[in-house]
């Protein structure tokens, strides 16, 4: 217990110190939310990865999908690395950095307004971001209760409040740079922790080959009658597994808190190096989490999923570890949760300040007023997420839990296709963007409200979210072809950034920005 407490105190102390050290970097709006667009490759890559993978992945998704698909759940982690990280950096990284600076946009709603024209698009996308990021933020606390209860016997509410307060302090103090540097440290903890946990859990089962052999003997007639299905290449339900891969991998391309990392990156070399680092991070962390979860059924004697739910699987797998390793796991889960929480509250506060309040509620706020608003709203968002998380835990409010599941699909479904087409295709129209916003948000809200009336394949929020994302690639160009063409001067001004000559065409290098 002494080791666990000392590890936690050291972890918290480092996070707070970094927050105050980087306070000087957050004296302007640009510095507070983008780090002055001067963030290096390792820090950006780890900030991207730690924002991507939270405790929801480690405790919730790894347990749930590992139980459903067996070792084939590892494909989710592989998809996260190849699609959610490697391709995202390759396809979005450079163009996002160049065009966002050209359009002077610091948030995704600002990008939509500058790229397609009209304040209404900015307001609509800001509202979608605000509405769906809050429950997503609250979901980050899931999984902490069981782990902290196992390690410290501390009440869930105390854990949630402590984590939220500490995260809020260092983000308010140091802004983007403090969050990014802490993300780097937290990312290292996550890599070391997940490797140590996998080795320990598999050793407890007699090693990798012995664990695979035992998994091949597990059967569940309610899932599949095929022998050895949970140790097979694609598992018992490849189609549903594909839906999970699409949502959790391709979905990051449309999430504001993920895309915003590309706004802040330093140079061309930083993008190239960041691509490699981010992909490696995803392979280890996401691949490791889902790989570990794939062995969850070997611990069925320790957990009753029907009664305790999927969130109980991973804690049951960890319950036999040494006290020191459990302390590492607790810090790992805290790192995963706090890094994602810091990214989400920073995105939410900057979006609400710059895209909804500025110019509408407050006509012409100066730099100090904007910084005050963002810091104040961070407190508000953290407080709301804490209240939602505690209410859902104490009273088991299913509506909140459903809304959390819908959040990712609604955000990615609404923003992915418009943002990607906006970077690459001059013919994208505002009407196409509007139609996609409306389609995705309506489908995901209906999925929550009248789920039993949906087609069987789309009743799962994950499959519905994946469907919305893929549908956007059809909706945006189809509507754009038959609606008013975008203003030529606006298009030329936006895409001129790719042809501006620095040392070479700017589409090839960021080094002279």
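Points worth noting:
- Unique residue being modelled with pLDDT of 85 or more and over 20 Å from the mean Cα position of the chain (by Cα) when the list is 91, 83, 18, 76: 18
- Flag if residue 133 is assigned to a helix (DSSP H, G or I) and modelled with pLDDT of 85 or more: no
- Only one entry in 246, 276 is modelled with pLDDT of 85 or more, surrounded by fewer than 16 Cβ atoms within 10 Å (Cβ to Cβ) and either under 17 Å from the mean Cα position of the chain (by Cα) or assigned to a helix (DSSP H, G or I) (or both), namely 276.
- Hits in segment 281-325 - residues which are part of a helix (DSSP H, G or I) and free of Cβ contacts under 8 Å to residues at least 60 places away in the same chain: 299, 306, 307, 308, 316
- Residue within segment 256-272 that is farther than 21 Å from residue 412 by Cα, without any contact (Cβ under 8 Å) to a residue 12 or more places away in the chain and part of a helix (DSSP H, G or I) present: no
- Among the residues examined, residue 98 does not qualify as over 20 Å from residue 258 (Cβ atoms) and assigned to a helix (DSSP H, G or I).
- Where residue 330 falls short, out of the listed (1) in a helix (DSSP H, G or I); (2) over 30 Å from residue 74 (Cα atoms); (3) at pLDDT below 80: (2)
- Filter pass, residue 100 being under 21 Å from residue 430 (Cβ atoms) and surrounded by 24 or more Cβ atoms within 10 Å (Cβ to Cβ): yes
- Within segment 18-28, the presence of a residue that is surrounded by 22 or more Cβ atoms within 10 Å (Cβ to Cβ), in contact with a strand residue (DSSP E or B) (Cβ under 8 Å, 6 or more places away or on another chain), under 15 Å from residue 339 (Cβ atoms) and in contact (Cβ under 8 Å) with a residue 12 or more places away in the chain is excluded.
- Residue in segment 49-64 that is surrounded by fewer than 23 Cβ atoms within 10 Å (Cβ to Cβ) and at pLDDT 85 or above present: yes
- Residue within segment 83-91 that is closer than 30 Å to residue 224 by Cβ, in contact (Cβ under 8 Å) with a residue 40 or more places away in the chain and surrounded by fewer than 22 Cβ atoms within 10 Å (Cβ to Cβ) present: yes
- Verdict on residue 325 being in contact with a helix residue (DSSP H, G or I) (Cβ under 9 Å, 6 or more places away or on another chain), within 24 Å of residue 49 (Cα to Cα) and at pLDDT below 90: yes
- Spans of helices (runs of 4 or more DSSP H) in segment 144-231 with at least 1 residues at positive phi and either buried (at least 21 other Cβ atoms within 10 Å of the Cβ) or at pLDDT 80 or above (or both): 156-204
The values are calculated or read from the model by the stated rules, or taken from the named source; none is laboratory data. None of these values were measured; they are calculated from a predicted model. FYI the Cβ positions are ideal-geometry reconstructions off the backbone, even for glycines, and counts take in every protein chain you see.
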